[in-house]
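Presented below is the structure to which this report refers.
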Amino acid sequence: MTINYPGGKPFIQTTKSNEKKFSMTHSNRGMSLENEINLSNQFYLNNHIAVIHKKPTPIQIVNVDYPKRAAAKITEAYFKQPSTTDYNGVFKGKYIDFDAKETKNKTSFPLHNIHEHQINHLKECINVGGVGFFIIRFTSNKNKETYVVPAKYIFKYWDNQLNGSKSIKKDFLMNNGYLIPQKLNPVLPYLSAVDQMLTDNNY
């Protein structure tokens, strides 16, 4: 299936036109982390700890194949607008909004993994009193390390890209973020890190 961004940042550029395509393979790199967050969110909901959901992305269907009368397969679709961030909800009376990212880099997190509309959205959320952050996972070794990083730290690097580095050192994220502990239930207890971030008033 082909999904195109009419006005969003491209993952793959087509050769036929200026339309921008979304690579399903690129997106699936984050499925492991996404699944862990989704399972954890269900745990939090079932136990009345928080209400957090993955945001749906509005899609306009363009072409559909009907291999059988009773079956239909979408072959081409367009994102109606760039998505904002992956998740939002309420925790301890606060609106939270965040995105999840993964990298195979061992020592840094590349800023090209983040999109401008995500930065702008989180800035707006924070400006009106919300809590914004990123969940960043390093997958370069068997012991995956996952951090909750307050969005304000990402903003500084993003806004200085033209004058500085195109990535953020892992050491910086370790020192300014919150390591998410490994646990069985929930599988990714990221709200433990968020709770500490709120306690520190570090958002």
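Could you tell me which of the residues LEU111, LEU122 is more than 11 Å from the chain's Cα centre (by Cα), over 20 Å from TYR190 (Cα atoms) and open to solvent by less than 10 Å² (accessible area, probe 1.4 Å)? Talk me through it step by step, then tell me what you get.
Details: LEU122 fails: over 20 Å from TYR190 (Cα atoms).
Matching residue, one of LEU111, LEU122: LEU111.
Tally up the residues in region 138-159 that are of a type in the set (D, E, K, R), in a helix (DSSP H, G or I) and under 17 Å from the mean Cα position of the chain (by Cα), please.
1
Residues of region 125-151 being open to solvent by 20 Å² or more (accessible area, probe 1.4 Å) and of a type in the set (Ser, Thr, Tyr), which ones? Walk me through it before giving the result.
Going through region 125-151, the residues open to solvent by 20 Å² or more (accessible area, probe 1.4 Å) turn out to be 126-129, 139-145.
Correct list: THR139, SER140.
Residues to consider are ILE126, ILE135; find the one that is touching a strand residue (DSSP E or B) at 6+ places or on another chain (Cβ under 9 Å) and assigned to a strand (DSSP E or B).
On the way: ILE126 fails: assigned to a strand (DSSP E or B).
Selected residue: ILE135, the only one of ILE126, ILE135 that is touching a strand residue (DSSP E or B) at 6+ places or on another chain (Cβ under 9 Å) and assigned to a strand (DSSP E or B).
Filter region 170-180 down to the residues that are over 19 Å from the mean Cα position of the chain (by Cα) and of a type outside the set (S, T, N, Q), then identify the one that is most open to solvent (accessible area, probe 1.4 Å).
ASP171
Could you give every pair whose Cβ atoms fall below 8 Å, whose first residue belongs to region 124-152 and is without any contact (Cβ under 8 Å) to a residue 12 or more places away in the chain, and whose second residue is part of a strand (DSSP E or B), counting only separations of at least 6 or pairs across chains?
From region 124-152, the pairs are LYS144/ARG137; LYS144/PHE138.
Within region 96-123, work out how many residues are out of contact with any Gly (no Cβ under 9 Å at 6 or more places or on another chain) and in contact (Cβ under 8 Å) with a residue 40 or more places away in the chain.
So the count comes out to 10.
Residues in region 51-87 that are over 30 Å from VAL194 (Cα atoms) and either modelled with pLDDT of 70 or more or in a strand (DSSP E or B) (or both): how many? Talk me through it step by step, then tell me what you get.
To start, the set of residues in region 51-87 that are over 30 Å from VAL194 (Cα atoms) comprises 59-80.
If we keep only those that are either modelled with pLDDT of 70 or more or in a strand (DSSP E or B) (or both) too, we end up with 59-68, 71-79.
Selection size over region 51-87: 19.
The values are calculated or read from the model by the stated rules, or taken from the named source; none is laboratory data. None of the values given here were measured: they were computed from a predicted structure. All Cβ positions, glycine included, derive from the backbone under ideal geometry; neighbour counts span all protein chains shown. These accessible areas exclude ligands, DNA and RNA; they are computed on the full protein's heavy atoms, side chains included. Shrake-Rupley method; radii C 1.70, N 1.55, O 1.52, S 1.80 Å.
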